[in-house]
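The values are calculated or read from the model by the stated rules, or taken from the named source; none is laboratory data. Computed from a prediction, not measured in an experiment: that's the story for all the values here. Using ideal geometry, Cβ is built from the backbone for each residue, glycine included, and neighbour counts are taken over all protein chains shown.
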Amino acid sequence: MGTAKTFMLLAMLTALFMAVGYVVGGAVGMGIAFAIACGMNAFSYWNADKIVLKMQGAQEISPETASPMLKAFAKDVERLADRAGLPTPRIYVIETPQPNAFATGRNPQNAAVAATTGLLGMLTREEVAGVMAHELAHVQKRDTLTMTVTATIAGAIGMLANFAMFFGRERAGIIGSLAVMIVAPMAAGLVQMAISRSREFEADKRGAEICGNPLWLASALQKIERGSRASINVQAERNPAMAHMYISNPLSGRASFRQLFSTHPLTANRVEALRRQAADMGVSGNGANTSAARAPTGPWG
């Protein structure tokens, strides 16, 4: 997605924020909302990655205190980053049984990647490499800034819409307030989908190139989908506006209205695209091709 489209999407979120501000406080409320949105855009540029990591309960991996498995994981990410021609990002782990991962940061020099303990425990080392290569692809394509800023602003729209229910009755009436409370977060979610879905396919393709074997990521996506349905990511459920940042929808562990507005393409479609890519790269079903053999990982433990 080009820079112009990215700014247009962020402008849509700002406009939504202003619309809800108008319901809450009229022209003055809209002006205040605009000022807040501008401040949030600037603040998010420098700090959104820290906010997202904190809200998801991510802990940075320390080389001094990390377990052997986490040290090996961090080393694999370092090798993948080198393979992609990127600086090594900060590496985090999130304590949750649901398998998932995401990347954040305003540019490759200030990037961070995070994986859940469920991901590291459920996937093979090759599959984890495929997942982290996907996240590094987001970093390389500079998707992370837009995804992270969108998450913070969309979350704010949801909170402001809730305020409209209680403080906007005199101006718009109870029906208008209810409409804003429902429609604004829904519209913000549609913007998130526009940002996320096309980028996931592009990151899958580039991630497969980085790790050397599209089938590793294809297998990982299938396991992640099954694992997501079987467990709940508590941090993600508390902050649903950040769902689009994960490699797979982290909200699928709980049946809810939010699932009607998935921020991710169907896993089956992603897997099929990766299998076609594997065929084009000459990767066989067992992954035994020359390119993948030079990939920076081996069996996990």
Met30 vs (1) modelled with pLDDT of 80 or more; (2) under 29 Å from Leu136 (Cα atoms); (3) surrounded by 16 or more Cβ atoms within 10 Å (Cβ to Cβ): all pass except (2)
Practice prompt. For region 201-217, indicate whether the set of residues that are at pLDDT below 80 and either β-branched (Val, Ile, Thr) or surrounded by fewer than 20 Cβ atoms within 10 Å (Cβ to Cβ) (or both) is non-empty.
Written response: no
For Gln222, the lone unmet condition from (1) more than 19 Å from Arg276 (Cα to Cα); (2) at pLDDT 90 or above; (3) of a type outside the set (A, V, I, L, M, F, W, C) is (1)
Inspect region 83-94 for any residue being assigned to a helix (DSSP H, G or I) and modelled with pLDDT of 95 or more and give the result as yes or no.
yes
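Ile51: touching a Ser or Thr at 6+ places or on another chain (Cβ under 7 Å), surrounded by fewer than 19 Cβ atoms within 10 Å (Cβ to Cβ) and of a type in the set (A, V, I, L, M, F, W, C), yes or no?
Numbers: touching a Ser or Thr at 6+ places or on another chain (Cβ under 7 Å): yes; surrounded by fewer than 19 Cβ atoms within 10 Å (Cβ to Cβ): yes; of a type in the set (A, V, I, L, M, F, W, C): yes.
Yes, satisfied.
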The correct count of residues that are part of a helix (DSSP H, G or I), closer than 15 Å to Asn100 by Cα and modelled with pLDDT of 65 or more in region 238-274 is 8
The condition of being at pLDDT below 80, at negative phi and touching a strand residue (DSSP E or B) at 6+ places or on another chain (Cβ under 8 Å) holds, among Gln235, Gln192, only for Gln235
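For the structure I just gave you, tell me whether Gly130 is under 16 Å from the mean Cα position of the chain (by Cα) and either part of a helix (DSSP H, G or I) or without any contact (Cβ under 8 Å) to a residue 12 or more places away in the chain (or both).
On the way: under 16 Å from the mean Cα position of the chain (by Cα): yes; either part of a helix (DSSP H, G or I) or without any contact (Cβ under 8 Å) to a residue 12 or more places away in the chain (or both): yes.
Answer is yes for this residue.
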